[in-house]
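Remarks on the structure that follows.
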Amino acid sequence: MPTVTDANVIDLRFPTSRNLDGSDAMNPDPDYSAACLRLGTSESELAGHGFVFTIGRGNDIQADAVRAVADRLVGRDVDSLVEDPGTVNRELTWDSQLRWLGPDKGVMHMAIGAVMSAVWDLRARREGRPLWSALAALEPPEIVDLVDWTYIADFVDPGRARELLEDRRPERDARIAEFRRDGLAAYATTPGWLGYSDQKLVRLCREAVADGFTTIKLKVGADTADDRRRLGLAREAVGPDVAIAVDANQRWSVSEAIAAIGELREFDLRWVEEPTHPDDVVGHATIA
């Protein structure tokens, strides 16, 4: 049986700030980066890959965190890891010392995500199929076991979750067939970066539609009047049949979000992403 032999982490960065690719209201000059992980095994052709995304400074910190978490899997039996990813996730999340640095926020949360992505990649490769297929094949008890119920059981417990999944189980084959036939719906963020010129915005909107996208997303939040102007350009470029979504990247307060969304209502927005602080549950309910 193969074992995990090494955890190789790469600090990978791209100078996207030069052309303002990825710019938004909160992050005007990002250098898109990633901490990329490769879990090597004793079988030379078997490896698991995962990564976590950052926007430049601090990617080295993220890479170090990924390495600290991934090193805990070195020497472990691959089959035991991939057959019980829920237990592996809980083991990493509840580490008695690393947990002090997280575990469900920030750098450690992202690091565990990168490692678990590599574990799932190992599972899919071990089974000889794409990851989506491995996930679609999970039975309700397996899905329930993936969840850490510690802080949510007061809202929905494992038993009720299993019942909900069992109720939908008969539809699974039809949904898999639909996925194989139609693929996964996607949208284009490419046109929407906040630092782009009007000409580039319009050109990329038209290119997105030509490429077959039926939804585009624009960054907003720095200036509502300018947001309205840019959305007007986008709507004119894509026509009435393409959906437009927006992303404020947490820039607004609750009251600002309500006011801004009201002013942008004319564009029939498909969704408004991150209107305010992600932890403000009451604020999101108020905005909705």
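The values are calculated or read from the model by the stated rules, or taken from the named source; none is laboratory data. This one's a predicted model, so the numbers in the text were calculated from it and none came from an experiment. Cβ: placed from backbone, ideal geometry, glycine included. Neighbour counts: every protein chain shown.
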_Qualifying residue in the range 190-198 (condition: surrounded by fewer than 13 Cβ atoms within 10 Å (Cβ to Cβ) and at pLDDT 95 or above)_ = yes
*With the condition kept exactly as written, say whether any residue in the range 178-187 is more than 23 Å from Asn89 (Cβ to Cβ), basic (Lys, Arg) and not in a loop (DSSP other than H, G, I, E, B).*
yes
*So which residues in the range 220-255 are surrounded by fewer than 17 Cβ atoms within 10 Å (Cβ to Cβ) and of a type in the set (Asp, Glu), if there are any at all?*
Asp223, Asp226, Glu236, Asp241
_Kindly evaluate Glu91 against the criterion of being assigned by TED's automatic domain parsing to the domain that holds Ser44 and of a type in the set (Asp, Glu)._
yes
_Residue satisfying condition, being within 26 Å of Pro158 (Cβ to Cβ) and within 20 Å of the chain's Cα centre (by Cα), within set Val82, Val107, Val119, Val66_ = Val119
*Report yes if some residue within the range 272-286 is loosely packed, with under 13 Cβ neighbours inside 10 Å, within 18 Å of the chain's Cα centre (by Cα) and not in a helix (DSSP H, G or I); otherwise report no.*
yes
*Considering the range 7-33 alone, what residues qualify as being over 18 Å from the mean Cα position of the chain (by Cα) and either small (Gly, Ala, Ser) or not assigned by TED's automatic domain parsing to the domain that holds Ile55 (or both)?*
Ala7, Ser17, Ala25
*Just wondering, is there one or more residues in the range 40-52 that are surrounded by 14 or more Cβ atoms within 10 Å (Cβ to Cβ) and at positive phi?*
no
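Of the residues Arg175, Arg180, Arg168, only one is exposed (fewer than 12 other Cβ atoms within 10 Å of the Cβ), basic (Lys, Arg) and under 30 Å from Arg206 (Cα atoms); which?
Residue meeting the stated conditions: Arg180.
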*Of Ala136, Ala153, which residue is surrounded by 13 or more Cβ atoms within 10 Å (Cβ to Cβ), aliphatic (A, V, I, L, M) and in contact with a helix residue (DSSP H, G or I) (Cβ under 8 Å, 6 or more places away or on another chain)?*
Ala136
*Asp145 is checked against (1) of a type in the set (Asp, Glu); (2) surrounded by fewer than 16 Cβ atoms within 10 Å (Cβ to Cβ); (3) farther than 30 Å from Met26 by Cα and fails just one. What number does that condition carry?*
(2)
_Candidates Leu122, Leu138 - the one that is outside any helix (DSSP H, G or I), closer than 25 Å to Trp94 by Cβ and not acidic (Asp, Glu)_ = Leu138
*Qualifying residues in the range 143-155 (those that are touching a residue at least 24 places away in the same chain (Cβ under 8 Å) and of a type in the set (Asp, Glu)) - the one nearest to Arg175 (Cα to Cα)*: Asp145
*Is there a residue in the range 261-268 that is more than 18 Å from Tyr187 (Cβ to Cβ), assigned by TED's automatic domain parsing to the domain that holds Leu201 and crowded, with 16+ Cβ neighbours inside 10 Å?*
yes
*asked:* Out of Asp71, Asp121, Asp77, I need the residue that is buried (at least 17 other Cβ atoms within 10 Å of the Cβ) and charged (D, E, K, R). Which one?
replied: Asp121
*Filter the range 62-117 down to the residues that are touching a His at 6+ places or on another chain (Cβ under 9 Å) and polar (S, T, N, Q), then identify the one that is farthest from Ala34 (Cα to Cα).*
Thr93
*asked:* Being within 26 Å of Arg251 (Cα to Cα), acidic (Asp, Glu) and either in contact with a Ser or Thr (Cβ under 6 Å, 6 or more places away or on another chain) or assigned to a helix (DSSP H, G or I) (or both) is the filter here; which residues of the range 197-235 pass it?
replied: Asp198, Asp226, Asp227
